[in-house]
């Protein structure tokens, strides 16, 4: 079992969900998060035109943290490659801010309804 | 690679993020969460607050940077009172950048 943590653009959640559903991975958990990457947020992109004397001195404009969605998907170890490939395919726009995917090991899983443990608790 | 999850006071999180960025650890994700620790929340007068607002900072770093990051967080998030937060470190097997599809941080 592996947990795939993908941090992606909010508007790409729908297409990602649909693509994964087609492949047979309908389950996921989504969280609204904010974050930044190596580019330190968006510098200057959402600034309005305004006289420089109205701006706070020595303060960079732009967005420090960018809204993202964090998807957490638990799959069998053999399916990791497929899911990662699909997420990359759907989310790739070629522009900075497409997101990151992390693969984390998972020791156990429990289905609350039936008390199944391990591999069978994951879909 | 390791994933570092630090649950901190919301008011210290900004300072921590700044210190991390200055030290070269720019990439991070912030989540606003609610939680409690061993003290089961706090009691103010007659009211018990079971869950307190916290900010979780989530970042993935190379194995060799883990201690540096933990020291930086500890340094900036410390007040000495209950509720300063916790830091969790867990393994990450692989990381991908979606834009390029490349493996690695």
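The values are calculated or read from the model by the stated rules, or taken from the named source; none is laboratory data. Treat the numbers as computed from the prediction; the structure is a model and nothing was measured. Neighbour counts run over all protein chains shown; Cβ positions are idealised from the backbone, glycine included.
Odds and ends about this structure:
- Pairs where the first residue, in the range A:85-109, is over 30 Å from residue A:119 (Cβ atoms) and the second is in a helix (DSSP H, G or I) and modelled with pLDDT under 95, C-beta under 9 Å, 6+ apart: A:93/A:12; A:98/A:12; A:98/A:88; A:98/A:91
- Residue in the range B:40-55 that is under 18 Å from the mean Cα position of the chain (by Cα), more than 10 Å from every other protein chain (Cβ to nearest Cβ) and under 30 Å from residue A:85 (Cβ atoms) present: no
Listed here are the residues, each with its yes/no results for (1) over 21 Å from residue A:31 (Cβ atoms); (2) part of a loop (DSSP other than H, G, I, E, B); (3) in contact (Cβ under 8 Å) with a residue 12 or more places away in the chain.
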| site | (1), (2), (3) |
| --- | --- |
| B:53 | no, no, yes |
| B:60 | no, no, yes |
| B:67 | yes, no, no |
| B:79 | yes, yes, yes |
| B:83 | yes, yes, yes |
| B:87 | no, no, yes |
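- Candidates are the residues of the range B:24-39 that are over 29 Å from residue B:64 (Cα atoms) and loosely packed, with under 14 Cβ neighbours inside 10 Å; the one that is nearest to the chain's Cα centre (by Cα) is B:34.
- Residues located in the range A:68-84, provided they are assigned to a helix (DSSP H, G or I), more than 10 Å from every other protein chain (Cβ to nearest Cβ) and surrounded by 17 or more Cβ atoms within 10 Å (Cβ to Cβ): A:79, A:83
- Residue selected from the range A:85-123 under the condition out of contact with any strand residue (DSSP E or B) (no Cβ under 6 Å at 6 or more places or on another chain) and part of a helix (DSSP H, G or I), by the criterion nearest to the other protein chains (Cβ to nearest Cβ): A:88
- Checking residue B:99 against (1) more than 14 Å from chain A (Cβ to nearest Cβ); (2) without any contact (Cβ under 8 Å) to a residue 60 or more places away in the chain; (3) buried (at least 16 other Cβ atoms within 10 Å of the Cβ), the condition it does not meet: (1)
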